[in-house]
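Values in this text are rule-based calculations from the coordinates and carry no lab data. This structure is a prediction, so every number in the text was calculated from the model and none was measured. With ideal geometry, Cβ positions are generated from the backbone for all residues, glycine too; neighbour counts draw on all protein chains shown.
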Amino acid sequence: MILSGGVAHDFAATSAALAGVLAEAGVESRITEDIAGALGRGPRHRLITVNALRCHDDGGWSESVGGASFALPRAARAALLDHLDRGGGVLAVHAASICFDDWPAWRRLLGASWVWGTSHHPPLGRAEVKVHGGHPIVDGLDDFELVDEIYSDLDVLPEVRPLASSMGQPLVWARPVRRGRLVYDALGHDVRSYESPAHRAMLRRAAHWLLDRPPQA
């Protein structure tokens, strides 16, 4: 299931692109913008992907660009925790670090959060991504270039160890959470990011790791 939607991004396009990449990894996805409803119904999916920008307190920025304040309901929070407790995987991409700011546990699950007034990104453009070894998601992959935004100065938990970075900023990491697994990939502003063969390969490997499947070449 891909939780999608929000402002300042073409989430319909990027969620469709993500679904295509995940299908290459053998994962069929249903895309929904009803985040609260989908989670509140107690999803029974092995993989939940968050590709959205839905937050509660951004100083009015969302409203200024045509969005609305969003608070993650208690039932949805409980469902997401239950998913992880059952050994499920969570793939969080790009603006997921801005999401669910009314729920402090989300930062602890994700490993980082966007901080208004501190976090930022350079203009969308070509960026060099450095790949670090030591994990099946990235082992054997080379550094690569793509067109994207590089989220900078996120509030990252000290235990996070990046699997990929750009301009000294951690971009991708993987971590066990409760009885499940979580991967955060800060890339993915628009579909050009998903046109990168290296980025697609990394995401396919992430899906396999999240589902505890053998690594994909």
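Key figures
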read-out: Rounded to 5, percent antiparallel among DSSP beta bridges of region 2-210; value: 55 percent
read-out: Whole-number percent relative contact order across region 2-210, with pairs defined as alpha carbons under 8 Å at least 6 apart; value: 23 percent
read-out: For the chain, calculated [θ]222 nm from helices alone, where every DSSP H run of n ≥ 4 adds -39500 (n - 2.57); value: -7500 deg cm²/dmol
read-out: Nonlocal amide H pairs with C99, under 5 Å, H built at 1.01 Å; value: R54
read-out: Net charge, G20 excluded, C-beta distance under 15 Å - Lys, Arg +1, Asp, Glu -1; value: -1
read-out: Relative contact order of region 1-80, pairs being alpha-carbon contacts under 8 Å that are 6 or more residues apart, as %; value: 41 percent
read-out: Furthest towards positive pole of dipole, I98, G87, H132, structure part region 84-132, Cβ charges; value: H132
